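What follows is a short report on a single structure.
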Amino acid sequence: MTTRRAVAIYAAISVVILAVGTWIFAAFFPAPTERRAIHISAGIAFVVQIVGFLAARHTRGTNPFAGFGMGMLLRFVTLALYAFLVVDQLGLPTSAALLSLATFFFVSTLVEPPLLKP
């Protein structure tokens, strides 16, 4: 499978995961500010997940664990920066913002391995 095709499939699956996750989180966090936080988290998660997937896909032939590790480090750093810098600056509810971003990262990471096979 070509890299372009794998990224397109991963992006499509990620959009579905993020849409379903946003819908579920909105049921638990119904306030408008909480929904805004969930939508921002979904957008950030989508961009970071694609970058992390590209890193893992790029190194899959030589050292797949290095690429997967870089992706995990990218997700961790993003979550930390989001928690310490972005959430307060934008006035987002902390629980809705951080729980949704961490969940989006976790669930969409689970679909990576089948798409990383050579």
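The values are calculated or read from the model by the stated rules, or taken from the named source; none is laboratory data. Just so it is clear, the model here is predicted, and its values are computed rather than measured. Every residue, glycine among them, receives a Cβ derived from its backbone with ideal geometry; neighbour counts consider all protein chains shown. For accessibility, only protein heavy atoms count, side chains too; no ligands or nucleic acids. Shrake-Rupley method; radii C 1.70, N 1.55, O 1.52, S 1.80 Å.
When the residues of the stretch 102-116 are narrowed to those that are assigned to a helix (DSSP H, G or I) and without any contact (Cβ under 8 Å) to a residue 60 or more places away in the chain, which ends up most open to solvent (accessible area, probe 1.4 Å)?
If we take residues in the stretch 102-116 being assigned to a helix (DSSP H, G or I) and without any contact (Cβ under 8 Å) to a residue 60 or more places away in the chain, then Phe106 is most open to solvent (accessible area, probe 1.4 Å).
Please go through (1) under 25 Å from Val7 (Cα atoms); (2) open to solvent by less than 60 Å² (accessible area, probe 1.4 Å); (3) in contact with a helix residue (DSSP H, G or I) (Cβ under 7 Å, 6 or more places away or on another chain) for Val51 and return the number of the only condition it doesn't satisfy.
Every condition holds for Val51 apart from (2).
Looking at Leu99, is it in a helix (DSSP H, G or I) and not polar (S, T, N, Q)?
Criteria met by Leu99.
Within the stretch 1-47, how many residues are of a type in the set (Lys, Arg) and within 22 Å of Thr78 (Cβ to Cβ)?
Within the stretch 1-47, residues that are of a type in the set (Lys, Arg) and within 22 Å of Thr78 (Cβ to Cβ) number 2.
Looking only at the stretch 59-71, which residues are in contact (Cβ under 8 Å) with a residue 24 or more places away in the chain, surrounded by fewer than 18 Cβ atoms within 10 Å (Cβ to Cβ) and part of a helix (DSSP H, G or I)?
Pro64
List pairs: first in the stretch 20-37 and farther than 17 Å from Phe105 by Cβ and part of a helix (DSSP H, G or I), second open to solvent by less than 80 Å² (accessible area, probe 1.4 Å) and aliphatic (A, V, I, L, M), Cβ under 6 Å, 6+ apart or cross-chain?
Pairs that qualify, where the first residue is farther than 17 Å from Phe105 by Cβ and part of a helix (DSSP H, G or I) and the partner is open to solvent by less than 80 Å² (accessible area, probe 1.4 Å) and aliphatic (A, V, I, L, M), are Glu34/Ala96; Arg35/Ala26.
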